[in-house]
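Worksheet for the structure shown next.
The values are calculated or read from the model by the stated rules, or taken from the named source; none is laboratory data. The shown structure was predicted, so the numbers you read here are calculated from the model rather than taken from an experiment. Cβ atoms come from the backbone with ideal geometry, glycine included; neighbour counts cover every protein chain shown. Quick note on the areas: whole protein, heavy atoms, side chains included, nothing else; ligands and nucleic acids left out. Shrake-Rupley method; radii C 1.70, N 1.55, O 1.52, S 1.80 Å.
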Amino acid sequence: MTDEVHGAAQSMSARKKFIIGGAIAVAVVAIVSVIVVLMLGRKFRLSDGYYGAGEFINVSSDELRQAVDERKSFALLIWQPGCLTSTDFEKVVKSFSEAEKVSFLRMEFSDVKMSGLVEGLKYYPSVALFRDGKMVTFLRSDSNDDLPALQSVEGFREWWEKYIKE
């Protein structure tokens, strides 16, 4: 009889552990899902000074750092003089900029790399988006996923609208 009672107690304990483990797993999945939805749904507007003109504003490392320190939200075009791919991408961004009347800060790749403000940037051309002085994302010119954004205004607009509110 004691073996039966002991076996039943062990069975109940195993069931409780299974139920508790399952509840914890469900809670973790729910929390992660909420975080992902909130992060993906967090579109933002650029700071007011970047709307209305549709131009490129060449900046130095110090000026970029100042925009970050002032917690501005902005788009940074990263290019390299003398590079055909940069020139072609600049045309895409210029067309978008003029059509949407949104201005971009513009800086050479080598200066951006030296500034350290676009962590993970390895290749150019690119556009980095900053929200309240923090870099949110940037176009990866070595990624097939970002290729459409680098090649056409429509592709760029689709990428842009994932992050920026109208």
Discussion item. Rg/Rh for region 87-138 to two decimals, with Rh computed the Kirkwood way over all alpha-carbon pairs.
Written reply: 0.97
Worksheet item: What residues have an amide H closer than 5 Å to that of R106, excluding those fewer than 5 places away on the same chain, when H is modeled at 1.01 Å from N in the peptide plane?
Response: I57, N58, V59, L77
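First select every other residue whose beta carbon is under 12 angstrom from the beta carbon of A149; then total the charges, Lys and Arg +1, Asp and Glu -1. Could the numbers behind the result be given before it?
On the way: positive: R140, R157, K162; negative: D145, D146, E154, E158, E161.
Summing Lys and Arg as +1 and Asp and Glu as -1 gives -2.
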Fill in: Members of K43/K91; K91/K162; K113/K162 lying beyond 23 Å, as alpha-carbon distances in this model show
K43/K91; K113/K162
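Using a cut-off of 12 Å between beta-carbons, work out the net charge of the residues near K162 (Lys and Arg +1, Asp and Glu -1, K162 not included).
Residues close to K162 contribute a combined charge of 0.
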Worksheet item: If the cut-off is a Cα-Cα distance under 16 Å, which aspartates and glutamates reach K101, setting aside same-chain residues fewer than 8 apart in sequence?
Response: D48, E55, E90, E154, E161, E166
Worksheet item: Pulled fully out, how much extra length does the chain show between R65 and S152, if you take 0.36 nm times their separation in residues and subtract their Cα-Cα distance?
Response: 28.4 nm
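In µm²/s, what is D for region 58-146 at 4 °C and 1.567 mPa s, where D = kT/(6 pi eta Rh) by Stokes-Einstein and Rh is the Kirkwood radius from Cα pairs?
Values: Rh = 13.1 Å.
Rounded, D is 99 µm²/s.
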Worksheet item: To the nearest 10 square angstrom, how much accessible area does E161 have with a 1.4 angstrom probe?
Response: 80 Å²
